[in-house]
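We did not get these values from a lab; they are worked out from the coordinates using the rules stated. Nothing here was measured: the structure is a model prediction, and the numbers come from that model. Virtual Cβ from ideal backbone geometry, glycine too; neighbours counted across all protein chains shown.
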Amino acid sequence: MSTNDPTDAIRESMTRGERVRGAARTLRNPRSASWIADETEVSAKTARKYLDQLVEDDVLQRIERGGQTLYCIDQLMATYREIAALQREHDRESLTDALESMRGKITEWKATYDVETPGELRGSIADIEDADETAERREIASEWEHLADRIPVVQAALNEYDWADERDGLPA
């Protein structure tokens, strides 16, 4: 099956394990092994094999729901990895600046729109007739939600910066 779509060529060059692992790392909602198998064009048994390996590696979480085994990203481990990456890729000053910037934007939006939450900002759209203003408020509410999710992660990276820096400096 040869097509001109470059993604088909990439997919064909990947092993079954690479396809399953790649798809699994994008799971935001719990999915079954058979769903992953369909998405990656492998058997359910093969999908289960690689998904179970990812569970053992603390990448995925296995959930039993309604007699069915589902898999999704292990959010706790993903957050730990993200904190570690922030600490390794940014110095303390740049993390502090980023945290200050995020909080500043939220404070500015609260004052500009006289609201306390992204939900209130979305609710204010009902009173707006200008399509551009409506679109702007939706976009800001979405960015606000994103920043509200990011702030605790950046804050955790800062809180544990010295500890992580000390641990990274230890000889093997």
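The figures follow:
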{"item": "For L60, residues with placed amide H under 5 Å, excluding near neighbours", "result": "V55, D74"}
{"item": "Modelled FRET efficiency - R0 22 Å, T79 with Q53, Cβ distances, 0.05 increments", "result": "0.55"}
{"item": "Kirkwood hydrodynamic radius of the range 81-172, from inverse mean 1/r over distinct Cα pairs, in Å", "result": "15.0"}
{"item": "Base-10 log of normalised Debye intensity for the chain (one unit scatterer per alpha-carbon) at q = 0.19 Å⁻¹", "result": "-1.06"}
{"item": "Nitroxide proxy distance, nm - points 7 Å out along Cα→Cβ at T26 and E116", "result": "3.9"}
{"item": "Theoretical FRET efficiency, 1/(1+(r/R0)^6), r = Cβ-Cβ of D149 and E64, R0 25 Å, to 0.05", "result": "0.35"}
{"item": "Paramagnetic reach from T134 in the range 91-125 [backbone N under 14 Å; point 7 Å along Cα→Cβ]", "result": "122-125"}
{"item": "Of A131, A98, H146, farthest towards positive along the dipole that unit charges on Lys, Arg, Asp, Glu beta carbons give the chain", "result": "H146"}
{"item": "Kirkwood-based Rg to Rh ratio, the range 6-73, C-alpha trace", "result": "0.97"}
